[in-house]
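A short write-up of the structure that comes next.
Bear in mind these aren't lab numbers, they're just calculated from the coordinates by the rules spelled out. The shown structure was predicted, so the numbers you read here are calculated from the model rather than taken from an experiment. Neighbour counts run over all protein chains shown; Cβ positions are idealised from the backbone, glycine included.
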Protein chains: 2
Amino acid sequence: MNDAPTFHLAARMAHIAPFEVMEIQKLARKLEAEGRDIIHLEIGEPDFRTPQPVVDAAKRALDEQPMRYTSAMGLQALRKAIAQFYADRYGVEISYRRIAVTAGSSAALLLAFGVVLDAGDEVLLADPSYPCNRHFMRTLGGVPKLIPVGTDTQYQLTADLVSRNWGERTRMAMVASPSNPTGTLVAPEEVARMTAAVREKSGTLLMDEIYHGLTYGVDARTALECGDDIFVINSFSKYFHMTGWRLGWLVVPEAYERQVETLAQNLYISPSAPAQHAALACFLRETIAILEQRRAELAQRRDYLIPALESLGFRIPVVPQGAFYLYADCSALTGDSFAFARDVLERAGVAITPGKDFGNNAPERHIRIAYTQPIARLKEAVARIAAITTRNP
Amino acid sequence: MNDAPTFHLAARMAHIAPFEVMEIQKLARKLEAEGRDIIHLEIGEPDFRTPQPVVDAAKRALDEQPMRYTSAMGLQALRKAIAQFYADRYGVEISYRRIAVTAGSSAALLLAFGVVLDAGDEVLLADPSYPCNRHFMRTLGGVPKLIPVGTDTQYQLTADLVSRNWGERTRMAMVASPSNPTGTLVAPEEVARMTAAVREKSGTLLMDEIYHGLTYGVDARTALECGDDIFVINSFSKYFHMTGWRLGWLVVPEAYERQVETLAQNLYISPSAPAQHAALACFLRETIAILEQRRAELAQRRDYLIPALESLGFRIPVVPQGAFYLYADCSALTGDSFAFARDVLERAGVAITPGKDFGNNAPERHIRIAYTQPIARLKEAVARIAAITTRNP
């Protein structure tokens, strides 16, 4: 029946590459099917389960609630709880009307770009950075403008880089603090300067704060303290450990509230009702206590792993203050991080992410390691990598 | 701090209108806050709760599973269950690899349009039809080409209409069977002719089958029996009564499998894990028995409501065979369906949807009524409307 199937591929797909790490994961699954023990340090998802009070809240809601569509912007109670969280944790007053609850921060990103970007509009972002961000822009016809960043700016954009790289068609700058893959933060004073620099260009700043809460030895401040004209995305996935539930939020400048709501109605109808009812328990004192224990555990993992990897010949020139990633220079060990990641997987049974997924800025010299496993497993991973690299500890 | 907020609105937003029904809902909430009893026949969401076996499966999964990200295409077990459903219910063999589980059929639509449409590409669709569809196209830079349809074609596109309206920039045709708002089906022979017509133009057919299972006196056949080069969207929201969970699926032509997976990885990461575990119970015999009881109940509501509305002066020239909507000509009662909907709400306390939400084809003469309430409430609604309209029964 399928005589003449036609296949036209949208032009955007030429810019939307599959992740390199998918090849690593495919190989990992093959090795596991052969009986090998693989230590997974490639995925941006910790080993912790969703906190029990959150799971319990979901189960209660499943008994008590009909699980219908909610408002496109989310349950009012949850929007208010998020606004209260900004007041309690950051001392920043935000009207709950500016909070759009979304299907993960993914949906939040699509909404923010959707209401601002026209085809051909540029967005400045750091290279290296999280690859999906530029693919969202491409989906909408926007053009990511990757600015190579290094250790001198903590792998982050600065006000100066924003000003110097702003062009005719630039509409937005996007900054992630803490960053994926580098785990670095932007200092509050630099956020303020960047806000001013973007405002001077009549542009829009989008801050990615999805790793907030997962900072070590320092508490992140929200960019919202720099003004009401900034889009901020956040998520229940990382600090709140609700990855699979797919729930996040967008803080919307007042001028865009109605447009974001209209787009959300059309693109999503409503965020997941069970996830929203569950998330109401995220802000309970008992949940926060669990989350803070885990944060301490992640800090210990980081503190173990940095010197251990350095002793193997990796370089981690900027100590990451947040997220759960180490972005390591592996050039003393290899000239090709992708071949290296494959080799480490095949010979040491440790899955890591090659730099290529994060941009074009010396990706062959970098790998990302996620400390998403207990310390015992991290030690095992280090020992296994040590056994196959020339420069043993 | 907010000295000079900038506000640039993406051009697409000029084409993405808020739903008229939102104004109706806002007024309904106001009246309810004043103590009025409002009968809600405006929302595309039945009064039934998610079937208990599905809720129970979710609660079990919450106890047993860590609720992490799943594969971007969904749990393999669920993809296989959906493929089996096509075999069992339709006698059509589909590889599970062609099934992408999505965050509602909303996400399925964005994926299908995302891999096919370039900016400026046209999509043919019926007027009246579900408004989000054209807004998805606009989000991606596509151009909806609304083809006015009437009773002569059961408010549906035909192969002839597709061929005659196909232009230089037309890339796709989209057909919903059953349709929202009209509830009509396309006959299987016409689906086959349309498939051929689209194929002749080297275009792509997208079939919306989200109201499958909710047909009365007839079983819908899937367009997949006409070929492997068709995109089909479906949903757990309607027949399976899982609206708030946000879960649907896309059947992908083999040639697009890898591209759809790449786009899904980037735009969504993964569909909701709790919803997927719950949905595994949708295909259990005991769940299907509940669903079929509800289908019978919906048929009774339709069979009550059509003559009752006709006795009030509404015209329903094509008896809808599916979904849970009546698309009624109200021109004997009003020259302005929006004012009429507002009047019916204010004076009779019955919320209905004005035609404007569904296109430009004589919207002022039409309203949509959703039979999403028990028959007793439908009777009350009819009595209340009778009391305020001139032509009482």
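What to note about this one:
- In this rough spin-label picture, where each label sits 7 Å from Cα along the Cβ direction, the A:A119-A:E64 distance is 5.0 nm.
- Net +/- balance of residues flanking A:L185 in space, Cβ distance below 14 Å, scoring K and R +1, D and E -1: -3
- Measuring nothing but how far apart in sequence close Cα pairs (under 8 Å, 6+ apart) lie, relative to its length, region A:52-283 scores a relative contact order of 30 percent.
- Potential lengthening between A:A11 and A:E292 on full extension [0.36 nm per residue; Cα-Cα distance subtracted]: 96.7 nm
- Counting only DSSP H runs of at least 4 residues, each contributing -39500 (n - 2.57), and dividing by the residue count of chain B, the helix-based mean residue ellipticity at 222 nm comes to -11500 deg cm²/dmol.
- Charge dipole (Cα centre; +1 on Lys/Arg Cβ, -1 on Asp/Glu Cβ; no other charges) of region B:52-283 amounts to roughly 540 debye.
- Between the residues B:V260, B:A278, B:A296, the greatest Cα displacement towards the positive end of the dipole of region B:250-302, with unit charges on the Cβ of Lys, Arg, Asp and Glu, is found for B:A296.
- Shielding by partners - mean other protein chain Cβ count within 10 Å, residues of B:115-123: 4
- Note on A:E32 and A:A87: the model spin-label points, each 7 Å out from Cα along the C-beta direction, lie 4.4 nm apart.
- Spin-label model, A:D152/B:A386: points 7 Å from Cα along the beta carbon direction are separated by 8.3 nm.
- Chain A: DSSP helices with Cα axial extent of at least 27 Å and average Kyte-Doolittle hydropathy no lower than -1.0: A:285-312
- Listed from fewest to most Cβ neighbours within 10 Å, the set B:F314, B:F338 follows the order B:F338, B:F314.
- Stokes-Einstein diffusion coefficient of region A:52-283, Kirkwood radius over Cα pairs, 10 °C, 1.306 mPa s, in µm²/s: 89
- Dipole magnitude of chain B, debye to nearest 20 (Cβ charges: Lys/Arg +1, Asp/Glu -1, about Cα centre): 420
- Along its three principal directions, the equivalent ellipsoid of the protein assembly as shown from the Cα gyration tensor extends over semi-axes of 46, 28, 26 Å, largest first.
- Inter-copy separations for B:A289, label at 7 Å along Cα-Cβ, nm, ascending: 4.5
- Cα centroid of region B:340-366 to Cα centroid of region A:239-293, whole Å: 33
- Euclidean distance of C-alpha centroids, region A:203-233 and region B:32-69, integer Å: 33
- For A:A339, the point set 7 Å out from Cα toward Cβ sits 7.7 nm from its twins in the other copies, listed from shortest up.
- Copies compared at B:G35 - label distances in nm, ascending, label defined 7 Å from Cα in the Cβ direction: 7.7
- Each Lys and Arg adds +1 at its Cβ and each Asp and Glu adds -1 at its Cβ; summed about the Cα centre, region B:1-90 shows a dipole of about 460 debye.
- Around the amide H of B:S235, modelled in the peptide plane, lie the amide H atoms of B:W249, all under 5 Å away and 5 or more residues distant in sequence or on another chain.
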